[in-house]
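All remarks here apply to the structure that follows.
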């Protein structure tokens, strides 16, 4: 029943049909300008500006009071000085508004006077059954109606994450960073002073939303820790909740009190609450995103036994250290894997875990290593270093040039137009079997180009790469756009534009596709790293490579922590 | 004397006139191909391939033995199987070669048999006074002759860093990452098994090189800890040495032994040695670069008292926590600063440290805050959040569009061609006084564009920005190229190309210039952060913004650690 009423309460907030902006303004120096503009540009429902004086805001007819707006209003976004908010709320009650986002600051966070104002606003809202976001927040996003109720224009896309943040700036940065990493949000709420709806209420709501896969939270302070544990522990049995919670130091506790007005309290109490609720705690916004993306893209490990494969010894050393420091067990290499690697690597290979071919130039062998490791029952997870992307490799080893452009091969195939035409036809058909037949020789050809004369004895590997590349998700990837453009160029002789497509770009999603196939087949996490510190994007295969072993091993440790929580709670994974 | 002889020994390595590559090859599958190619493309001295069979390598006449090469040879780069290296070394002795880089692996790191081979190579080299880099390394770089003696092509530029790495892959990644951050190297040595020249020898040599400002080291194990402390402690009195040293865990110690063959030993011994030698220890390659760049660009703090300015409360909370966790003191805000901020920020500002204007839209006030803080004698250092770059701001708040293109203003100034012509003339003249007069109104105009109607009462601030922008380093920056292009467009009416220059791009180096002026004027560190997690580049002003408060506060803590070491060693800073 709780949940039904919560859903009824919060639906107008996350799926409003009609929205008003109170304090909408034509003055570019005011938040009321950027807030209204932001909704005007994106919101897909009815939208009205409310302004005491202006007849029109950004070309839309404005109303001096909420009660003057024609038709029903679900949601009011409020951007006026704090003294006026209670009065506006009275109007909202009269109008039958269901929910309000109070962006205005100057309430509980500034002291007793502000707290009194805030209490009055809440009193009026409760009277009319209006649920409140904020005050002192930056606004919210819901993908359902492209609802961008923000103080400023933000780039945000639909996706499987949800974020609730008690800090608007950190929330905004997280959204920007996630977007740069290629991951989107179903909902984002900057919840500010949480005068009404509490963090655990939002989490409960997101828990019920099937489109949300991972819930992220930035918390400065909770009102009622027991209520949080009670509500959130029901959610974490179904989907993961990851929390960033500063306040381990007095300096942070003081800063929190002047920011959100929250009492951050003793950190040990939070630590205990998170443990009981099954919330994964992280220490930075980068870690928050790392772990959320890991949870989105990887199965949970059954245990802590990890094998590392590395194209370089020093990487392996750093990764072994990073794993051991986080309680992961860098196990002795299983005999079966040892035998397989003895047969395929040069004699100088590391003969242990980390698995290091020690400068073997035949990197096809290295790409075969993961499956050999995952087949061993002694192994719970794999960290596969260096080959997270091909463009990452090129940035280090090829001076960032990304290999030769595709055009150079068009001319060489000029006498094989018929074959190219047949391939193009198969690709265009969309039939997976036909595409598989076409892709197999292309895979061999690409590996032969990158590793001349070395692609022998790799029939099984080429089969598995072909399988990975013809997964339904990969069939929609840019790899096929590039290949179609290439074969079309061979057929027509018009190769313009192909120089810009580098061999390494073409190959970019391939490691991700290989890894996704392995995680599905063996149901074990395979965490990859790149060579350099720059962040990457979620690949078209649905795989995310981390820039270093600290971050990769940390994600693995958090996946294990969640698995152990679920096991302890008796939830079958 | 030690130093003189070291210099005499290592000069042929770092400044060779003539180099041979033994094992140079035309076979693209061999390291001898990419090693020779890498030198052929870049090295500015004499270069000869040595190959037992081929008459020519990549178009250069090849010699079957080193003794057949005409003229003197300073440096031999060796890329042949391990069994042949001792024989080649005999030839090098006969030829009078002074130094060798042995890329070949399969020596001490693979066990007793390899160790015996290595001992023989060293014995022969010692006999002829040849100093050795490696074996089992990736090669080396010296800017002096554009010496790119690497296994593979690497993008590397001249600069004030030096790097000595016992791991070639980590070394290569560090070089790539530093290059991406806009910082270059005077020398980089992948030192491998350090059979002859020890890490402390390289450090001693870099210590004497005036062009090297900061020395970075990746260490797996040292041969003689006391020798390291003795030699390196002399260097750290003059310039900083930053070390990454894994081996805190058994898993890493095992990996080290199979990688470089080093005995990593008890971590506590390393910790003590680094402390005695004044070496700053870090835990990741990202931290290694962060700290090195901090040391390059910032003065050392006199103490641990820090003030944080933040454009958002949650950022301030995270930063206060990050500082406190690292032993920095987030002090109560000095009264003088409190009074100044009371006068300039809205009433809801944080009234403390972190200084948070709490959503003040007038960001000129925020940009004025750093100088007010630095003027307080109670403050040792400042962390200035969010405004590390302007393009960073635009990526979050303007949806990555970077503000309007410059072209839009060209037409509006169409009737002021004379003024634009005069401005262009002043800029072209290169005379700092003339440029200062031109820049002052431009600064006002830009701030007025970005903050319409709010640039009042900021005379002093505009003066200081003008001063910062006319610093000799800034006069060479792209800001002036953009401004000249703009005024030229006003004069000629041809505004093509200007749309691509966004207002935020134009402004990008401005925060860095402001900060550089402040660090020079007050001789206190000012560490800036951006809004998002992407790495930035060293700005044209010589300033580097960090992506988050963890990394910013960590750099500050390391600067303090170095200052405390120097104070303890009685070195005047």
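For (1) at pLDDT 80 or above; (2) under 30 Å from residue B:337 (Cβ atoms), each residue gets a yes or a no:
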position: B:368; (1), (2): yes, yes
position: B:387; (1), (2): no, yes
position: B:390; (1), (2): no, yes
position: B:417; (1), (2): yes, no
Restricting to segment A:305-321, count the residues that are surrounded by 24 or more Cβ atoms within 10 Å (Cβ to Cβ) and either facing chain B (nearest Cβ under 7 Å) or in a loop (DSSP other than H, G, I, E, B) (or both).
10
Could you list, in sequence order, all residues of segment B:322-336 that are within 15 Å of residue B:384 (Cα to Cα) and in a helix (DSSP H, G or I)?
B:322, B:323
Across segment B:454-468, what is the number of residues that are part of a helix (DSSP H, G or I) and either surrounded by fewer than 13 Cβ atoms within 10 Å (Cβ to Cβ) or touching a strand residue (DSSP E or B) at 6+ places or on another chain (Cβ under 8 Å) (or both)?
2
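Let's see how each residue does on (1) touching a strand residue (DSSP E or B) at 6+ places or on another chain (Cβ under 8 Å); (2) surrounded by fewer than 22 Cβ atoms within 10 Å (Cβ to Cβ); (3) more than 24 Å from residue A:159 (Cα to Cα); (4) not assigned by TED's automatic domain parsing to the domain that holds residue A:237:
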residue	(1), (2), (3), (4)
A:522	no, yes, yes, yes
A:525	yes, no, no, yes
A:529	yes, no, no, yes
A:539	no, no, no, yes
A:543	yes, no, no, yes
A:555	yes, no, no, yes
Looking at the structure I just gave you, is residue A:102 more than 13 Å from every other protein chain (Cβ to nearest Cβ), touching a strand residue (DSSP E or B) at 6+ places or on another chain (Cβ under 7 Å) and without any contact (Cβ under 8 Å) to a residue 60 or more places away in the chain?
no
Within segment A:337-347, residues being in a loop (DSSP other than H, G, I, E, B) and surrounded by fewer than 20 Cβ atoms within 10 Å (Cβ to Cβ) number 2
Would it be correct to say that residue A:380 is more than 7 Å from chain B (Cβ to nearest Cβ) and under 30 Å from the mean Cα position of the chain (by Cα)?
yes
List the helices (runs of 4 or more DSSP H) inside segment B:208-297, counting only whole elements, that have at least 2 residues being within 12 Å of chain A (Cβ to nearest Cβ), touching a helix residue (DSSP H, G or I) at 6+ places or on another chain (Cβ under 8 Å) and at pLDDT 95 or above.
B:285-297
Looking for whichever is outside any helix (DSSP H, G or I), more than 14 Å from every other protein chain (Cβ to nearest Cβ) and surrounded by fewer than 16 Cβ atoms within 10 Å (Cβ to Cβ) here; the options are B:49, B:70, B:16. Which one fits?
B:70
May I ask you to list pairs of residues, at least six apart or on different chains, whose Cβ atoms are under 6 Å apart, with the first in segment A:119-140 being free of Cβ contacts under 8 Å to residues at least 24 places away in the same chain and the second being surrounded by 24 or more Cβ atoms within 10 Å (Cβ to Cβ) and not in a helix (DSSP H, G or I)?
none
If I ask for residues that are touching a helix residue (DSSP H, G or I) at 6+ places or on another chain (Cβ under 6 Å), more than 13 Å from chain B (Cβ to nearest Cβ) and assigned to a strand (DSSP E or B), which ones from segment A:139-148 would you list?
A:142
Quick one: in segment B:150-171, which of the residues that are modelled with pLDDT under 90 and in a helix (DSSP H, G or I) is farthest from residue A:311 (Cα to Cα)?
B:168
Out of all the residues in segment B:469-488, which are touching a residue at least 12 places away in the same chain (Cβ under 8 Å), part of a helix (DSSP H, G or I) and under 21 Å from residue B:447 (Cα atoms)?
B:469, B:474, B:475, B:478, B:479, B:480, B:482, B:483, B:484, B:485, B:486, B:487
Note on segment A:258-284: residues more than 16 Å from residue B:325 (Cα to Cα) and surrounded by fewer than 18 Cβ atoms within 10 Å (Cβ to Cβ) are A:263, A:265, A:269, A:271, A:272, A:275, A:276
Pick out the one residue from A:379, A:373 that is closer than 24 Å to residue A:303 by Cβ, in a helix (DSSP H, G or I), modelled with pLDDT of 95 or more and touching a helix residue (DSSP H, G or I) at 6+ places or on another chain (Cβ under 9 Å).
A:373
Test: residue in segment A:139-162 that is under 18 Å from residue A:263 (Cβ atoms), surrounded by 23 or more Cβ atoms within 10 Å (Cβ to Cβ) and more than 15 Å from the chain's Cα centre (by Cα)
no
Residue list for segment A:422-432, filter: surrounded by fewer than 14 Cβ atoms within 10 Å (Cβ to Cβ) and touching a helix residue (DSSP H, G or I) at 6+ places or on another chain (Cβ under 8 Å)
A:429, A:430, A:432
Of (1) within 14 Å of chain B (Cβ to nearest Cβ); (2) part of a loop (DSSP other than H, G, I, E, B); (3) at pLDDT 95 or above, residue A:197 fails just (1)
Tell me, please, whether a residue that is touching a strand residue (DSSP E or B) at 6+ places or on another chain (Cβ under 6 Å), part of a loop (DSSP other than H, G, I, E, B), under 20 Å from residue B:156 (Cα atoms) and in the same structural domain as residue B:79 (by TED's automatic domain parsing) can be found in segment B:19-42.
no
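The values are calculated or read from the model by the stated rules, or taken from the named source; none is laboratory data. Because the structure is a prediction, the values reported are computed rather than measured. In this analysis, Cβ positions are derived from the backbone assuming ideal geometry, glycine residues included, and neighbour counts consider all displayed protein chains.
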